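Novice: Please find one structure pasted underneath; my questions will follow.
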Amino acid sequence: MGKHIQKTDFTLCGRFVTYILSKSCQVKGIRLTTAQGEQYIKLAKSLRPACSDVLQPGTWIQIHGCQTQNTKTGKIKLKAQAIVPALPSIDAKPADSSDLSDPSEQSLACPHKGKIRICQKSSCRKRGSQKILTALSGAIQASGREKEIQVQSMGCVGKCKAGPNLIVFPDKTRYVRVKPQNITTILQQHF
């Protein structure tokens, strides 16, 4: 520990907003709305597998963890060690009701049943990932599931020679060498 670093324990209660993903699409942290505003909290490595895709936006949670403050710069980093369900706090309700009511209502109005991520790096694009993206978007629109299935572009998956690569969430199934003809089969299998 450096001479300008100060560590303390913290407990924070608030509404879960979203997951923060690393470049490799792994859950790295979460965003939480509290009475003080929206905060980023890094998850301990032991929490990451257990926490991924379990929390729903708007869920009240209580986080216990370690706070690291750089006394020279004043920067504070929060790292969660434990997450437990919580009841809405009376203090946080008035501050959160104006800030978070619209996003939580929108997320509850059109919840995504799943999401599909497609690699859009150069190697996968050369192998046809753009055709897969347009075929996938067309198939989802034709079936009328735009509100259920979210399609996202992503960076490299690490299987460049086996492209185009596709990952289906929430079960994290990975497909390689996907062809436009395979799209309907993938959609039927997962959704």
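Novice: Arrange the following residues from fewest to most other Cβ atoms within 10 Å of their Cβ: Val54, Val178.
Specialist: Val54, Val178
Novice: For Lys147, Lys121, what ranking results if the residue with the fewest other Cβ atoms within 10 Å of its Cβ goes first?
Specialist: Lys147, Lys121
Novice: I would also like to ask the following. For the residue pair Gln39 and Val151, what label-to-label distance in nm results when each label sits 7 Å from Cα along the Cα-to-beta-carbon direction?
Specialist: 3.9 nm
Novice: Continuing with the same structure: Determine ³J(HN,Hα), in whole Hz, for all residues of the stretch 16-28 in sequence, where each value follows from phi through the Karplus function 6.51 cos²θ - 1.76 cosθ + 1.60 and θ = phi - 60°; x replaces Gly and Pro.
Specialist: Calculated HN-Hα couplings, in order: 5, 9, 7, 8, 10, 9, 7, 4, 8, 6, 9, 5, 10 Hz.
Novice: Give me a comma-separated list of calculated 3J(HN,Hα) values for the stretch 121-127, in order, Karplus coefficients 6.51, -1.76, 1.60 applied at θ = phi - 60°, integers in Hz, x for any Gly or Pro.
Specialist: Karplus-based 3J(HN,Hα) across the stretch 121-127 equals 6, 4, 5, 6, 5, 4, 8 Hz.
Novice: What span do the alpha-carbon atoms of the stretch 28-80 cover on each of the three principal axes, reported in whole Å from largest to smallest?
Specialist: 37, 26, 15
Novice: Using the basic label-point model (7 angstrom from Cα toward the beta carbon), what is the Arg125 to Val176 distance in nanometres?
Specialist: 2.2 nm
Novice: Continuing with this model, one more query. Given (i) 43.7, 140; (ii) 17.7, 58; (iii) 19.9, 60, which label gives Rg and Dmax of the Cα atoms in Å as computed from the coordinates?
Specialist: Step by step, Rg and Dmax of the Cα atoms in Å for this structure corresponds to label (iii).
Novice: I want to check the label-to-label distance for Ala86 and His190. Put each point 7 Å from Cα in the C-beta direction and report it in nm to one decimal.
Specialist: 3.3 nm
Novice: Which is farthest toward the positive dipole end of the chain among Ala50, Gln6, Thr134, measuring Cα position about the Cα centre, with Cβ charges +1 (Lys, Arg) and -1 (Asp, Glu)?
Specialist: The listed residue farthest towards the positive side: Thr134.
Novice: What ranking of His64, His4 emerges when the number of other C-beta atoms within 10 Å of each C-beta is taken as an exposure proxy, fewest first?
Specialist: Lowest count first: His4, His64.
Novice: Let me ask something additional. Can you list residues whose amide H is under 5 Å from Gly29's amide H, if they're 5+ apart or on another chain and H is modeled 1.01 Å from N?
Specialist: Ile20, Leu43
Novice: Pop out the ³J(HN,Hα) list for the stretch 150-156 in order, Karplus 6.51 cos²θ - 1.76 cosθ + 1.60 with θ = phi - 60°, rounded to Hz; leave Gly and Pro as x.
Specialist: Result, ordered by residue: 9, 10, 10, 8, 9, x, 5 Hz.
Novice: Along the three principal axes, how long is the stretch 114-190 when you take its alpha carbons, biggest first, rounded to the nearest angstrom?
Specialist: 32, 22, 18
Bear in mind that the values in this text are calculations on the coordinates, not laboratory data. Predicted model, so just to flag it, every value in this text is computed and none were measured. Don't worry about glycine lacking a Cβ; one is built from the backbone with ideal geometry, like all the others, and counts go over all protein chains shown.
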